[in-house]
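J.: Below: one structure in structure tokens.
Where a number appears in this text, it was derived from the coordinates with a stated rule and is not lab data. Here the structure is a predicted model, which is why all the values come from computation and not from measurement. Quick reminder, even Gly has a Cβ in these numbers, built from the backbone with ideal geometry, and neighbours come from all protein chains shown.
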Amino acid sequence: MLAIRNIGELNVVPRGPVGGRSMGDVEIVANAAVLIRDGRIEWFGPQAELDAADDCPALDARGGCVIPGLIDCHTHTVFAGSREREFVQRLEGKSYAEIAESGGGIRVTVEAVRNASCDELVELALPRLNRMLHRGVTTVEIKSGYGLTVGTELKMLEAVKRLDALQPIELVGTYLAAHTTPREFEDRPDDYLDLILDDSVLSRIREDGLAEFCDVFCERTAFDVPRSRRVLLAAKRFGLTPKLHADQITQCGATLLAAEVGAISADHLENTHDKAIAAMKSAGTVGVLLPGCSFYLGVDQAPARKLLDADLPVAVATDLNPGSSMIESLPLVMSIACIQAKMTPTEVLVAATANAAAAINRQDRLGAIGKGLQADLIVLDVPNFDRCVYEHGRDAVRAVVKNGEVVVNKNL
Ligand SMILES: [Zn+2]
């Protein structure tokens with residue numbers, strides 16, 4: 001049993017998915033307390049009404065605000081190698097093609113991941129996850145997609161599964177073998193798909209609990225709509241729920257495909273359009289924005305306000321990856337979503353909690369504050385959440401409670 005006391009403002013985020021037009025409405029309880037039992041929120045409300053549990057262990061929020069644990073619902077956190085050389089080349093004005101010609105790009109990461117053991121992938125990702133936890137992130141989705149052979153893709157998912165058991169953040173695996181066509185199959189993408197979609201591979205993923213979702217990079221330069229459809233429908237037969245990297249660079253029909261196959265989320269959406277937004281809305285697909293990626297690449301943000309005005313449930317994630325968004329901090333990306341994509345702090349709070357939970361099918365348990373929900377909560381050393389976003393880049397996280405346990409406590 002645990003009581004969190006002296007909460008300046010408790011942000012009672014409702015359960016996701018929350019439609020865009022309602023994302024700015026979060027009930028605030030001032031001078032609040034939360035009572036946690038067996039990892040669940042048993043009670044919350046004005047502190048004056050908390051009496052019976054006086055003798056239970058307490059966490060003093062010292063007037064800070066409390067929000068649900070943050071959920072990073074789109075990441076590529078498991079990888080090897082580093083691409084700062086390419087980062088500098090890009091700053092110097094080199095194009096993507098020039099960088100690829102000089103040996104840079106995703107192939108650098110693929111090479112490093114293929115050469116790394118599962119143990120090494122785990123060792124490299126652990127400190128990343130630890131830093132994410134200290135920034136208030138309590139659940140993370142992690143994709144494969146840098147092995148591009150059956151064995152190395154499964155190795156990545158195995159690493160995610162092992163990492164899940166080694167640290168407090170809850171991890172969710174996504175099979176993204178259709179990230180790009182590997183060099184060996186350059187002119188034969190269908191042959192590559194034959195391998196990664198083989199029944200034996202998909203049934204092993206299901207039986208070993210290696211992934212819940214299957215993602216595909218649907219783009220003219222990656223997998224076109226018919227091939228992406230093939231990937232997602234094959235995986236769906238084995239219980240893997242579809243997700244897509246959609247409308248990032250061009251409008252090739254990816255988001256319409258997301259709606260057609262019943263994808264739980266369509267992610268990126270920098271170049272999405274009205275028809276696609278309407279299709280997602282009627283299919284119940286969550287729109288996942290990755291503002292850190294646009295920021296990092298110096299390109300226009302996705303039309304967040306348009307998605308919100310259409311009442312689409314919108315989530316925000318880091319897209320942490322070594323090429324286009326080497327940003328581990330979800331709070332920083334939330335600030336970018338406000339400053340560059342013009343979301344309000346409250347909308348972005350819902351986007352990184354309730355709607356992020358809905359994007360990974362965790363909305364019945366995570367991402368919200370309600371009686372009976374899992375007690376994943378963070379205590380911030382700012383009196384309200386607006387202040388947290390306003391003080392861009394400052395680490396405001398004081399304590400992290402995961403499943404009712406205090407797993408981070410910075411001088412409380
Ligand atoms: Zn991605």
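J.: Measure nothing but the geometry: give the 0 to 90° angle between the long axis through the Cα atoms of 118-134 and the longest principal axis through the Cα atoms of the chain, rounded to 10°.
T.: 40 degrees
J.: List the residues, sorted by chain then number, that are 5 or more residues from ALA352 or on another chain and whose placed amide H is less than 5 Å from its amide H.
T.: Correct list: VAL316.
J.: May I ask you to order 89-99, 213-223 by the average number of other C-beta atoms within 10 Å around their residues, highest value first?
T.: Averaged packing, sorted descending, gives the order 213-223, 89-99.
J.: Once the piece of chain linking ASN411 and ASP51 is laid out straight, how much longer is it, given 0.36 nm per residue of separation minus the C-alpha distance between them?
T.: That pair, ASN411 and ASP51, stretches by 127.0 nm at full extension.
J.: What is the count of Lys pairs in the chain whose alpha carbons sit under 24 Å apart, if the two are 8 or more places apart or on different chains?
T.: Count of close lysine pairs: 21.
J.: Would you mind checking the tilt of helix 106-115 against the longest principal axis of the Cα atoms of the chain, expressed as 0 to 90 degrees and rounded to 10?
T.: Helix 106-115 sits at roughly 80 degrees to that axis.
J.: Rounded to the nearest 0.05, what FRET efficiency do ASP208 and ARG62 have when you use their Cβ-Cβ distance and R0 = 51 Å?
T.: Computed FRET efficiency for ASP208 and ARG62: 0.70.
J.: In a shell of Cβ-Cβ distance under 9 Å around LEU320, excluding LEU320 itself, what net charge do Lys and Arg (+1) and Asp and Glu (-1) give?
T.: -2
J.: Between ASN361 and ARG131, what is the spin-label point distance in nm, taking each point 7 Å from the Cα along the Cα→C-beta axis?
T.: Spacing of the two 7 Å Cα→Cβ label points: 3.1 nm.
J.: May I pose another question? With a 10 Å radius around each residue's Cβ, average the other Cβ atoms per peptide and rank 165-178, 22-35, highest first.
T.: The densest-packed peptide leads the list: 165-178, 22-35.
J.: Another question, if that's okay. In degrees from 0 to 90, rounded to the nearest 10, what is the angle of the helix 274-283 Cα long axis to the longest principal axis of the chain?
T.: So the helix axis and the longest Cα principal axis differ by about 70 degrees.
J.: Can you work out the FRET efficiency for the pair ASP187 and ALA278, with r the C-beta to C-beta distance and R0 = 25 Å, to the nearest 0.05?
T.: Efficiency at R0 = 25 Å is approximately 0.10.
J.: On to the next question. Work out how much length ASP199 to ALA30 would gain on full extension: take 0.36 nm times their residue separation and subtract the Cα-Cα distance, in nm to one decimal.
T.: 55.4 nm
J.: HIS392 versus SER95, label points 7 Å from Cα toward the beta carbon: distance in nm?
T.: 3.1 nm
J.: From Cα pairs below 8 angstrom and at least 6 apart in sequence, can you work out the relative contact order of the range 34-142, rounded to a whole percent?
T.: Across the range 34-142, relative contact order equals 38 percent.
J.: Give me the one-decimal nm value for the distance between modelled label points at SER102 and SER117, 7 Å along each residue's Cα-to-Cβ direction.
T.: Rounded to a tenth, the inter-label distance reads 3.5 nm.
J.: Note the full-extension length gain between ASP300 and SER22 as 0.36 nm times their separation in residues minus their Cα-Cα distance, in nm to one decimal.
T.: 97.6 nm
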